[in-house]
Every structure is written in C-alpha cells, then in structure tokens.
Amino acid sequence: MADAPETLDMEVLCMQMIVDAGSAKSDYMEALQAVKAGDYETAAAKMKSGDEQYAAGHEQHAKLVQQEAAGDPVTMSLLLTHVEDQMMSTETVKLMVTELIDLYRKLNG
C-alpha cells in the first residue's frame, strides 16, 4: 500500500476542485437572482467571485493535465470523473447566466 498517501492527496485535491466548482456555480446562480431583482452591482460581484472560485479549481485541474502531458499518468477514478463533470457544468452555467444577464440588461434598458 505504498501509494496510499498519493491516493489520499488525489482525493483531497478532487474534493477541493469539486468545492471550488460548486461555489462558483452557486455564485453564478446568485448573480442571476440579483439581476432578476434589478441589482446589477451585486450580480457583477457574484460573477467576479464565481470566476475566482472557478479559476482556483481550474488551476489545479490544469496541473493534472500538464502532469499527464508530461508522461506522468493520472489515475482516473469516479471522483476525478465527478470533478470533470462539475467543472464542465459550472462552465455551462456561467455561459448561460452571462447570456441571461445580457438579456435582462437589454429588456430592462
């Protein structure tokens, strides 16, 4: 069981990336709620916060991709697959919320 610490480190890293993606997704949805209430200032702050959270997770994810590209394979697991799913869905939520905010701005002049 020589690689147990490495496995534990990967699990902790995965959980942190999931938390970062989830926090970003929540911020993006809160931005949408703020825009619906006419509070564009809060919406902008929530989008910025979401971007910061997402960037933190994305940075760790990029390191794993670089590790793999350098010839040091990353072991896939259900947890890492969940990370990928959460990051992709968060990116989709951001894109949709950004479009909806733009639409609210146009409709409300």
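Looking at Val83, Val35 in this structure, which one is surrounded by 15 or more Cβ atoms within 10 Å (Cβ to Cβ), in contact (Cβ under 8 Å) with a residue 12 or more places away in the chain and under 30 Å from Leu8 (Cβ atoms)? It would help to see each step written out before you state the result.
Details: Val35 fails: under 30 Å from Leu8 (Cβ atoms).
So the residue among Val83, Val35 that is surrounded by 15 or more Cβ atoms within 10 Å (Cβ to Cβ), in contact (Cβ under 8 Å) with a residue 12 or more places away in the chain and under 30 Å from Leu8 (Cβ atoms) is Val83.
Among the residues of segment 87-109 satisfying the criterion of being over 15 Å from Tyr54 (Cα atoms) and acidic (Asp, Glu), which is nearest to the chain's Cα centre (by Cα)?
If we take residues in segment 87-109 being over 15 Å from Tyr54 (Cα atoms) and acidic (Asp, Glu), then Glu99 is nearest to the chain's Cα centre (by Cα).
Identify all residues within segment 23-65 that are of a type in the set (S, T, N, Q) and more than 20 Å from Gln86 (Cβ to Cβ); write none if there are none.
In the first step, residues of segment 23-65 are kept if they are of a type in the set (S, T, N, Q); the result is 23, 26, 33, 42, 49, 53, 60.
The answer is Gln33, Thr42.
Pull out all pairs, ordered by first then second residue, where Cβ-Cβ is under 8 Å, the residues are six or more apart or on different chains, the first lies in segment 52-75 and is among the aliphatic types (A, V, I, L, M), and the second is part of a helix (DSSP H, G or I) and surrounded by fewer than 17 Cβ atoms within 10 Å (Cβ to Cβ).
Cβ pairs passing all conditions: Val74/Gln67; Val74/Glu68.
For segment 1-26, name all the residues that are surrounded by 14 or more Cβ atoms within 10 Å (Cβ to Cβ) and more than 10 Å from the chain's Cα centre (by Cα).
Of the residues in segment 1-26, the ones surrounded by 14 or more Cβ atoms within 10 Å (Cβ to Cβ) are 10, 13-14, 16-26.
Of everything in segment 1-26, those that are surrounded by 14 or more Cβ atoms within 10 Å (Cβ to Cβ) and more than 10 Å from the chain's Cα centre (by Cα) turn out to be Met10, Leu13, Cys14, Gln16.
Hey, among the residues in segment 57-86 that are among the β-branched types (Val, Ile, Thr) and modelled with pLDDT of 95 or more, which one's farthest from the chain's Cα centre (by Cα)? Steps first, answer last, please.
Let us first name the residues in segment 57-86 that are among the β-branched types (Val, Ile, Thr), namely 65, 74-75, 81, 83.
Those left that are additionally modelled with pLDDT of 95 or more: 81, 83.
Numbers: Thr81: 14, Val83: 9 Å.
Here the answer is Thr81.
Can you name every residue in segment 38-61 that is among the hydrophobic types (A, V, I, L, M, F, W, C), surrounded by fewer than 19 Cβ atoms within 10 Å (Cβ to Cβ) and within 21 Å of Tyr104 (Cα to Cα)?
From segment 38-61, those among the hydrophobic types (A, V, I, L, M, F, W, C) are 43-45, 47, 55-56; that's our starting set.
The next check asks that each one be surrounded by fewer than 19 Cβ atoms within 10 Å (Cβ to Cβ); those that pass are 44-45, 55-56.
Within segment 38-61, Ala44, Ala45 meet the criteria.
State whether one or more residues within segment 62-83 are within 30 Å of Gly109 (Cβ to Cβ) and outside any helix (DSSP H, G or I).
No.
The values are calculated or read from the model by the stated rules, or taken from the named source; none is laboratory data. What you are looking at is a predicted structure, and each value in this text was computed from that prediction instead of being measured. Backbone-built Cβ (ideal geometry, glycine too); neighbour counts: all protein chains shown.
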